[in-house]
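Engineer: Quick one: structure below, then a few questions.
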Amino acid sequence: MTDAPVTPVLQARRLVKRYGHVTALDGADFDLLPGEVLAVIGDNGAGKSSLIKALTGALQPDSGEILLDGEPVRFRDPLHAREHGIETVYQDLAVAASLDIASNMFLGREVRRPGLLGKVFRLLDHKRMREESARHMAELKIGLRSLTQPVESLSGGQRQGVAVARAVAWARHVVVMDEPTAALGVKESGQVLDMIRRVRERGLPVILISHNMPHVFEIADRIHIQRLGRRVGVIKPGDHEMAEVVAIMTGALQLDQGTGSTVAGRS
Amino acid sequence: MTSALSTPPAPARTGAPSAARRLLTTPTMGPLVALLLACAFFSLNTDQFLTGGNFSLVIQQVMVVGTLAIGQTLIILTAGIDLANGAIMAFGGIVMAKLAADGAVPPLLAIALGILVCAAFGALNGLLVTSIPLPPFIVTLGMLNVVFALTHIYSADQTVANLPAPLTALGETFAIGGTLVTYGSLLTILLFLLFAYLLGQTAWGRHVYALGNSSEVARLTGIRTRRLTVGVYTTAGLVYGIAALLLVSRTGVGDPQAGQTDNLDSITAVVLGGTSLFGGRGLVLGTLLGALIVGVFRNGLQLMGVSSIYQTLITGVLVILAVTVDQLSRRRIR
């Protein structure tokens, strides 16, 4: 990365979200740069998921602002965020199990047949949706024999692949992935990490929420460390040891943003 | 993820199920085989079963419950259930019969109002399910009692007779190759085909299945789940209104006692048709098969001279069998 000023694709300034006496976000900042894979890590209760929910429209912050390409935005709901080109792959909530791959890829954005058949009879264009699904799956190198089988008959990695392919197919600005490898085995996790690389190659920035440090260090360009409702630092994987990052995350070490060095924290 | 490191990588299950296996796991395959076996059995054991007239009779006997079961299928596909559909139909029937018999409004308007009343109760169910929100079982159980009481209050427990012709028109017959078929039977079949199309070939249908799979997945994909749910319950109510007209045309009267067990019979038809009570899986044409299975068993056993209480017993056993098959097939998928 150069030091030239780049407008972040997605930015958050001093987000606050309180639930009664519990403060989930306590003035959290966030920056996602063009074309990068940004990992978001933090202990349970650090406000990681609240931050992501605020960025994807699933919750509305009490104060603070969100900027998309430098413009302030206020997302009413997840659909609104999607309309702005932010696609999210939710953990365990990615696909409709009994529907086939093409139906899942186009769920909520179905394509109808041209002419009267589509306008009056609302007839779906199954063929076109299957062809486009096949193209998207191929671009991410997700091998599947049939697009007509229900996704519940797929393996966990393939199912995640369908969810990722859908997000990438529709995302114009950002792809958000919430624990995409949490439920997967080693080989399948590797496939998902490969997919994330291909998404980056296409120039789409990715926000990756993960507990899995080896995966984060393997794939991320930068790591956003969330602690006690705010961002305590952003580091590059090459500059720090994994153990150091975990220590920052838990508060055992503190990061001096100016020098990038760490000092013992008060915990 | 330390545990994942110690386990060997899962074997890639990329292979699509074979054509034969997919055919066997199609949810309507079981009901179709059951129906054909039942037809074969009764054809061999009674002379009268395998006649056009008898088939026409079976369809007439199942058309009211079958139509109710279309609405029930929609609701069960969203992982809901409707216990009030028989009562709503009875109320709709009384409304149209009374309005028409009193001469208060023209017969066609009476029919339209009766159907609208049913749709309104469907909408009310949908609103209660989505906005409070309450479990569909409880909402429709409550509504069953409310509508049952309203039916008796409104009708003063009196059967309404002497209905004008439009209300009984669907009971008239036409001939197909010498076999007399009622217009009501034809309407029922057309309704099944219409909803098979809507569920299988339109975006609305995809959304109904997605909602039944998981309302959270559907919501996060951008489907307006509350509006969709209210729409499904309202559409079901509309279909119950048509069932009310079929009921009135078949019996020729408005009967406040009608339809009291039809709610459970409609669930029976849906379940026998291979639709999962957990939502998201099933076909409305399966429900048609399910309704026909009940009808064929009742009719065939009657022709064999078996007492009606055994017909009920066998229906009960079939339902438990069907749900067992559903459970086992789900376990295999997981």
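Engineer: So which residues in the range B:84-126 are surrounded by 22 or more Cβ atoms within 10 Å (Cβ to Cβ) and assigned to a loop (DSSP other than H, G, I, E, B)?
Structural biologist: Residue satisfying the conditions is B:84 alone.
Engineer: If we only count helices (runs of 4 or more DSSP H) wholly inside the range B:220-334, which ones have 1 or more residues that are within 25 Å of residue B:33 (Cα to Cα)?
Structural biologist: B:262-272, B:284-303, B:308-333
Engineer: Give B:198, B:194, B:187 a once-over and let me know the one that is in a helix (DSSP H, G or I), surrounded by fewer than 19 Cβ atoms within 10 Å (Cβ to Cβ) and in contact with a Leu (Cβ under 7 Å, 6 or more places away or on another chain).
Structural biologist: After ruling out the rest, the residue left standing is B:187.
Engineer: Take residue A:213 and tell me if it is within 13 Å of chain B (Cβ to nearest Cβ), touching a residue at least 60 places away in the same chain (Cβ under 8 Å) and either out of contact with any Lys or Arg (no Cβ under 6 Å at 6 or more places or on another chain) or under 15 Å from residue A:36 (Cα atoms) (or both). Before the answer, list the steps.
Structural biologist: Details: within 13 Å of chain B (Cβ to nearest Cβ): yes; touching a residue at least 60 places away in the same chain (Cβ under 8 Å): yes; either out of contact with any Lys or Arg (no Cβ under 6 Å at 6 or more places or on another chain) or under 15 Å from residue A:36 (Cα atoms) (or both): yes.
Spelling it out, residue A:213 is indeed within 13 Å of chain B (Cβ to nearest Cβ), touching a residue at least 60 places away in the same chain (Cβ under 8 Å) and either out of contact with any Lys or Arg (no Cβ under 6 Å at 6 or more places or on another chain) or under 15 Å from residue A:36 (Cα atoms) (or both).
Engineer: Quick test of your reading of the structure: residue B:134 fulfils all but one of (1) surrounded by fewer than 14 Cβ atoms within 10 Å (Cβ to Cβ); (2) assigned to a loop (DSSP other than H, G, I, E, B); (3) free of Cβ contacts under 8 Å to residues at least 24 places away in the same chain. Name the failing condition by number.
Structural biologist: Result: residue B:134 passes all but (1).
Engineer: Just checking, how many residues over the range A:87-111 are of a type in the set (D, E, K, R), farther than 11 Å from residue B:206 by Cβ and either surrounded by fewer than 22 Cβ atoms within 10 Å (Cβ to Cβ) or at the interface with chain B (Cβ under 7 Å from one of its Cβ atoms) (or both)?
Structural biologist: Adding up the residues that qualify gives 1.
Engineer: Would you check if there is a residue in the range B:201-213 being buried (at least 20 other Cβ atoms within 10 Å of the Cβ), in contact with a helix residue (DSSP H, G or I) (Cβ under 6 Å, 6 or more places away or on another chain), in a helix (DSSP H, G or I) and of a type in the set (Lys, Arg)?
Structural biologist: yes
Engineer: If you go through the range A:190-201 one residue at a time, do you hit one that is in a loop (DSSP other than H, G, I, E, B), away from chain B (no Cβ under 14 Å), surrounded by 17 or more Cβ atoms within 10 Å (Cβ to Cβ) and on the phi < 0 side of the Ramachandran plot?
Structural biologist: First, the residues of the range A:190-201 that are in a loop (DSSP other than H, G, I, E, B): none.
The answer is no; no qualifying residue exists.
Engineer: Evaluate the range B:300-323: report whether one residue or more is out of contact with any Cys (no Cβ under 8 Å at 6 or more places or on another chain), buried (at least 24 other Cβ atoms within 10 Å of the Cβ) and among the aliphatic types (A, V, I, L, M).
Structural biologist: No, the range B:300-323 contains no residue that is out of contact with any Cys (no Cβ under 8 Å at 6 or more places or on another chain), buried (at least 24 other Cβ atoms within 10 Å of the Cβ) and among the aliphatic types (A, V, I, L, M).
Engineer: Looking only at the range B:145-179, which residues are farther than 15 Å from residue B:259 by Cβ, surrounded by 14 or more Cβ atoms within 10 Å (Cβ to Cβ) and of a type in the set (Gly, Ala, Ser)?
Structural biologist: Those that are farther than 15 Å from residue B:259 by Cβ, surrounded by 14 or more Cβ atoms within 10 Å (Cβ to Cβ) and of a type in the set (Gly, Ala, Ser): B:169, B:171.
Engineer: Taking only the range B:214-234 into account, find how many residues are out of contact with any helix residue (DSSP H, G or I) (no Cβ under 6 Å at 6 or more places or on another chain) and of a type in the set (Val, Ile, Thr). Can you show your working first?
Structural biologist: Here is the first cut: in the range B:214-234, the ones out of contact with any helix residue (DSSP H, G or I) (no Cβ under 6 Å at 6 or more places or on another chain) are B:214, B:216-217, B:221, B:224, B:227, B:231.
Then drop every residue that is not of a type in the set (Val, Ile, Thr), which leaves B:217, B:221.
Selection size over the range B:214-234: 2.
Engineer: From the list B:261, B:234, B:251, B:225, exactly one residue is within 14 Å of another protein chain (Cβ to nearest Cβ), of a type in the set (Ser, Thr, Tyr) and either more than 23 Å from residue B:99 (Cβ to Cβ) or more than 13 Å from the chain's Cα centre (by Cα) (or both). Which is it?
Structural biologist: B:225
Engineer: Sticking with this structure for a sec: Looking only at the range A:112-138, filter to residues that are closer than 25 Å to residue A:92 by Cβ and away from chain B (no Cβ under 12 Å); which one of those is modelled with the highest pLDDT? Steps first, please.
Structural biologist: Residues of the range A:112-138 that are closer than 25 Å to residue A:92 by Cβ, as a first pass: A:129, A:133, A:136-137.
Still in the running and away from chain B (no Cβ under 12 Å): A:133, A:136-137.
Working: A:133: 91, A:136: 87, A:137: 85.
Residue satisfying both the conditions and the ranking: A:133.
Engineer: Okay, next question. Would you check if residue B:281 is among the basic types (Lys, Arg) and under 27 Å from residue B:30 (Cα atoms)?
Structural biologist: Yes: the conditions hold for residue B:281.
Engineer: Take the range A:161-174 and flag every residue that is under 11 Å from residue A:94 (Cβ atoms) and within 13 Å of chain B (Cβ to nearest Cβ).
Structural biologist: Passing the criteria: A:161, A:162, A:163, A:166, A:167.
Engineer: Quick one: which of B:197, B:183 is within 14 Å of chain A (Cβ to nearest Cβ) and on the phi < 0 side of the Ramachandran plot?
Structural biologist: That would be B:197, the only listed residue that is within 14 Å of chain A (Cβ to nearest Cβ) and on the phi < 0 side of the Ramachandran plot.
Engineer: Anything in the range B:264-291 that is closer than 15 Å to residue B:192 by Cβ, among the polar types (S, T, N, Q) and within 14 Å of chain A (Cβ to nearest Cβ)? List them, or say none.
Structural biologist: Of everything in the range B:264-291, just one residue is closer than 15 Å to residue B:192 by Cβ, among the polar types (S, T, N, Q) and within 14 Å of chain A (Cβ to nearest Cβ), namely B:275.
The values are calculated or read from the model by the stated rules, or taken from the named source; none is laboratory data. It should be emphasised that the depicted structure is a prediction, and the values quoted were computed from it without experimental measurement. Neighbour counts are summed over all protein chains in view; Cβ atoms, including those assigned to glycine, are modelled from backbone coordinates with ideal geometry.
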